[in-house]
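Contents: one structure, followed by commentary.
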Amino acid sequence: MLKVEGRLGVVSMPVEGHEKSLVWRIYEWFHRTFPRYASCRPIYVEDSVKKAGFKIIKTGEIAIAGLFPMKIVLARPE
């Protein structure tokens with residue numbers, strides 16, 4: 001639940017733009033093989049936020065350990 005002027009922040013591993021990368025194929029294998037240790041699944045971050053009824057204000061992307069991209073999305077209710 002957000003306040004009337006509240007903002008939503010989402011940080012997640014994105015699928016978009018990384019579908020065919022070696023890093024994601026390895027991560028998906030690791031998730032299937034060891035789901036207890038790799039329980040976070042990459043998502044279509046911006047699409048998911050928009051489908052939930054939010055308007056995206058700002059996005060960014062960083063790489064953890066130089067390998068795993070993380071998408072940062074700031075949004076507000078439509």
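Restricting region 1-25 to residues that are assigned to a loop (DSSP other than H, G, I, E, B) and under 16 Å from Gly60 (Cα atoms), which is nearest to the chain's Cα centre (by Cα)? Before the answer, list the steps.
Here is the first cut: in region 1-25, the residues assigned to a loop (DSSP other than H, G, I, E, B) are 1-7, 13, 15-21.
Right, trim to under 16 Å from Gly60 (Cα atoms) and you get 7, 13, 15-18.
Working: Arg7: 17, Met13: 4, Val15: 7, Glu16: 9, Gly17: 12, His18: 11 Å.
Restricting to residues being assigned to a loop (DSSP other than H, G, I, E, B) and under 16 Å from Gly60 (Cα atoms), the top hit is Met13.
Taking the listed residues Ala65, Ala52, the one that is on the phi > 0 side of the Ramachandran plot and hydrophobic (A, V, I, L, M, F, W, C) is Ala65, with no other qualifying. For region 34-52, the tally of residues that are more than 13 Å from the chain's Cα centre (by Cα) and either loosely packed, with under 10 Cβ neighbours inside 10 Å or modelled with pLDDT under 90 (or both) stands at 6. Based on this model, can you work out whether Glu16 counts as under 30 Å from Glu78 (Cα atoms), surrounded by 10 or more Cβ atoms within 10 Å (Cβ to Cβ) and touching an Asp or Glu at 6+ places or on another chain (Cβ under 9 Å)? For Glu16, the condition - under 30 Å from Glu78 (Cα atoms), surrounded by 10 or more Cβ atoms within 10 Å (Cβ to Cβ) and touching an Asp or Glu at 6+ places or on another chain (Cβ under 9 Å) - is met. Taking residues in region 9-28 that are under 15 Å from Ala65 (Cβ atoms), and partners anywhere that are surrounded by fewer than 11 Cβ atoms within 10 Å (Cβ to Cβ), the pairs with Cβ atoms closer than 7 Å and at least 6 places apart or on different chains are Met13/Cys40.
To keep it simple, each residue is scored yes or no on (1) touching a helix residue (DSSP H, G or I) at 6+ places or on another chain (Cβ under 7 Å); (2) among the charged types (D, E, K, R).
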position: Trp29; (1), (2): no, no
position: Arg36; (1), (2): no, yes
position: Ser39; (1), (2): no, no
position: Ile43; (1), (2): no, no
position: Ala52; (1), (2): no, no
position: Lys55; (1), (2): no, yes
position: Lys58; (1), (2): no, yes
position: Pro69; (1), (2): no, no
position: Ala75; (1), (2): yes, no
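The values are calculated or read from the model by the stated rules, or taken from the named source; none is laboratory data. Small disclaimer: the values here were computed from a predicted structure and weren't measured. Positions of Cβ are generated from backbone atoms using ideal geometry, with glycine treated the same way; all protein chains shown enter the neighbour counts.
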